[in-house]
Each structure stands twice: as structure tokens, then as C-alpha cells.
1. Of all residues in segment 59-81, which are open to solvent by less than 30 Å² (accessible area, probe 1.4 Å) and either among the aromatic types (Phe, Trp, Tyr) or free of Cβ contacts under 8 Å to residues at least 60 places away in the same chain (or both)?
2. Restricting to segment 82-118, give me the number of residues that are surrounded by fewer than 17 Cβ atoms within 10 Å (Cβ to Cβ) and either among the charged types (D, E, K, R) or under 19 Å from residue 65 (Cβ atoms) (or both).
3. Can you name the residue in segment 7-54 that is within 19 Å of the chain's Cα centre (by Cα), at pLDDT below 85 and acidic (Asp, Glu) and, of all such residues, is surrounded by the fewest Cβ atoms within 10 Å (Cβ to Cβ)?
Amino acid sequence: PEFARELMEHLRDQKRLHKRYVVQILLGVRDNFDSLPSSLLELELSPSATGLDEDGDEVEAGRKFTVCGDVHGQFYDLLNIFDLNGVPSESNPYLFNGDFVDRGSFSLEVILTLFAYK
């Protein structure tokens with residue numbers, strides 16, 4: 001979404017984000033998570049198999065998704081991942097394994113960006 005791209009650029013320049021936008025992002029992601037049936041997703045990883053996405057729709061065999069390990073609050077590393085692999089979208093899904101915000105100086109920027117794309 002355009003909002004998420006603008007947010008990334010704003011945060012990349014280390015500009016402050018007004019608290020009303022932070023609240024707006026948090027409320028939006030809460031509503032999104034509340035609408036999901038479960039936080040678990042099952043995928044079959046064999047080359048010929050199809051799996052299900054978070055909405056229960058089939059994912060065709062051979063479709064790629066990016067798996068990211070621990071980001072640890074490293075916002076500029078996250079931006080680099082997006083530069084290399086493209087930003088998250090319906091056609092370019094990501095799976096983040098956790099530890100988004102536990103060590104880095106830009107933990108808030110990381111989680112707000114991930115929430116904006118959610």
C-alpha cells in the first residue's frame with residue numbers, strides 16, 4: 001500500500017511520526033488480527049503441493065515467498081531486504097520468524113512498518 005511506502009520513506013529519513021498515526025496503525029493491525037481465524041498457517045513445502053494462505057485460499061505450486069529470520073530492530077536491514085526482494089504484497093508474501101524488536105535502536109520503526117504492510 002502507498003501508506004506503507006510513504007511511512008518507510010518518512011522513517012528512513014529519521015523523521016518523527018505523530019502519535020495519531022501510530023495509534024491508527026495499531027488499531028488497524030488489531031482489527032486485522034481480530035478478523036483472522038487463527039495465527040497459524042499450514043503450508044506444504046513439496047514442489048508439487050499447494051498450500052493455503054491466511055485466508056484459506058490455495059497457493060499455487062512454485063509460488064515464492066520470502067522467509068526472514070530475526071530482524072532485531074534493525075530498520076535499515078529491513079529496508080535492504082525490501083529493496084532486494086520487493087515490498088510485501090499479495091503477490092510477494094513474506095514470513096517473519098519473530099524477534100522483530102528486541103535489540104536494535106529502530107525497533108519501533110520496524111514494527112510500525114511491518115504492521116503497516118499487514
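1. 59, 66, 68, 71, 73, 75, 78 - these are the residues of segment 59-81 that are open to solvent by less than 30 Å² (accessible area, probe 1.4 Å) and either among the aromatic types (Phe, Trp, Tyr) or free of Cβ contacts under 8 Å to residues at least 60 places away in the same chain (or both).
2. Residues meeting the conditions: 17.
3. Out of the qualifying residues, it is 42.
The values are calculated or read from the model by the stated rules, or taken from the named source; none is laboratory data. Fair warning: this is a prediction, and the values are worked out from it, not measured in the lab. So basically every Cβ, Gly included, is an ideal-geometry build from the backbone, and we count neighbours across all protein chains shown. Side chains are part of the model used for accessible areas, which takes the heavy atoms of the whole protein and leaves out ligands, DNA and RNA. Shrake-Rupley method; radii C 1.70, N 1.55, O 1.52, S 1.80 Å.
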